[in-house]
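K.L.:
I have a structure here, written as structure tokens, and I will follow up with some questions on it.
The values are calculated or read from the model by the stated rules, or taken from the named source; none is laboratory data. Note that the structure is a prediction, hence the values are computed from the model and not measured. Please note: Cβ atoms are built from the backbone with ideal geometry, for glycine as well, and neighbour counts cover all protein chains shown. Please note that ligands, DNA and RNA were not included when accessible areas were found on the heavy atoms of the full protein model with its side chains. Shrake-Rupley method; radii C 1.70, N 1.55, O 1.52, S 1.80 Å.
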Amino acid sequence: MSKFNNFKRVFIFALQDFNRNKGIALATVFVLLVAMSLVSGIFFFKGMMSYLIDEIQDKIDVTAYFKETASETEILAVKDAILASSPNVVNIGYVSKEQALLNFNEKHGNNPTIARALEQIGDNPFLPALNITTNGQTSQYEEISNTLQTADYAKLINKVDFSEKKDTIEKVNSIISNINRFGIISAIILIIVAVLVVFNTIKLAVENSKAEISTMRIVGATNWFIRGPFVIQGVIYGVIAFIACVLLMGISLYILQTKIAIVLPGFNAFIYFLKNLWLFAFIQLGFGIGVGAVSSLVVIKKYLDI
């Protein structure tokens, strides 16, 4: 019971200090709110970029064009063999000569010049093909390309177009690496800046309470009893900033989702936020409480020599 009473008194002292130093408290909460919003924004931006990259990767494939003499049975046999031997293959789509011509006409049917060119050719100029999609790594596509050009398949295949798409695949993978690197570096910088600013604002609150702390020391208060109110204040700063950040992000994304969808069709920003709310909450709450509480603990230990 005595421990509970001590904690209750510490908590009351924390609320009193928070109320007495409203200006410093609001400044600290604001700094935490900005830092948490930026950290969450980086995470959200990474999610948007991941969606965009996934869309691009879904459209990248290795296409193997078969000779006119290759039968559909032989082509489908090659498809089954590639699926069985390559675990990184996500999908293989078979496109017959007829389907390739139909797809071409649907895409360019309104172009009279192309239509006349096809009429002059007379026969169907397209070759049957397999469109192969992997998990996205350049090495995986290259492995598939090399496999298709071995002696087992060379007699059936006319051309493999991996070399034309290799640069695109490498650029996409480079973008992924750069985004991950940018996110990590930015998050570290923001955390350092937030810690320094919160550290200094809490330092002001501690210095404003020097007289009270000296009195507590004289009457025999323990180190924990003196540190407690400031650590609890740090937690309060973090919780308030967390609540404000979640509300701000939720309202902003709900308002901006239609505009974001124009840039990224199919990506609903507000739904993405709701689906990842637990992760956003973990990042924001952990960041806010951690920075607030740890900064308070370090400040009072370092500057008051407790």
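K.L.:
Given H placed 1.01 Å from N in the peptide plane, which residues other than close sequence neighbours of T63 have an amide H under 5 Å from its amide H?
P.N.:
I132, D161, F162
K.L.:
Something else: To the nearest 10 square angstrom, how much accessible area does E68 have with a 1.4 angstrom probe?
P.N.:
Near enough 120 Å² of accessible area.
K.L.:
I'd like the FRET efficiency for V294 and W224, computed as 1/(1 + (r/R0)^6) with the beta carbon distance as r and R0 of 22 Å, rounded to 0.05.
P.N.:
Values: r = 16 Å, r/R0 = 0.72.
Efficiency, from the Cβ-Cβ distance: 0.90.
K.L.:
Could you give each residue of segment 19-30 its phi-based ³J(HN,Hα) in whole Hz, using Karplus coefficients 6.51, -1.76, 1.60 with θ = phi - 60°, and x for Gly or Pro?
P.N.:
Whole-Hz 3J(HN,Hα) from phi for segment 19-30: 5, 6, 10, 4, x, 5, 4, 5, 5, 5, 4, 5.
K.L.:
Obtain the nm distance between the two label points defined at N124 and K155 by a simple spin-label model: each point lies 7 Å from its Cα along the Cα-to-C-beta direction.
P.N.:
2.5
K.L.:
Of K171/K275; K79/K159; K22/K203, which ones are farther than 26 Å apart at the Cα?
P.N.:
K171/K275
K.L.:
While we're on this one: K275 to K8: FRET efficiency via 1/(1 + (r/R0)^6), r the Cβ-Cβ distance, R0 41 Å, to the nearest 0.05?
P.N.:
Numbers: r = 39 Å, r/R0 = 0.96.
Given R0 = 41 Å and the Cβ-Cβ separation, E is 0.55.
K.L.:
For S86 and I191, FRET efficiency with R0 = 45 Å and r from the beta-carbon atoms, rounded to 0.05?
P.N.:
Numbers: r = 42 Å, r/R0 = 0.93.
So, using R0 = 45 Å, E works out to roughly 0.60.
K.L.:
In addition: Rg to Rh for segment 217-272: what is it, with Cα atoms only and Rh by Kirkwood?
P.N.:
On the way: Rg = 21.1 Å, Rh = 14.5 Å.
With Rh from the inverse mean 1/r over Cα pairs, Rg/Rh is 1.46.
K.L.:
So, one more: Could you order S174, S96 so the one with the most accessible surface comes first? Probe is 1.4 Å. Walk me through the numbers on the way to the answer.
P.N.:
On the way: S174 55, S96 25 Å².
Putting S174, S96 in descending order of accessible area: S174, S96.
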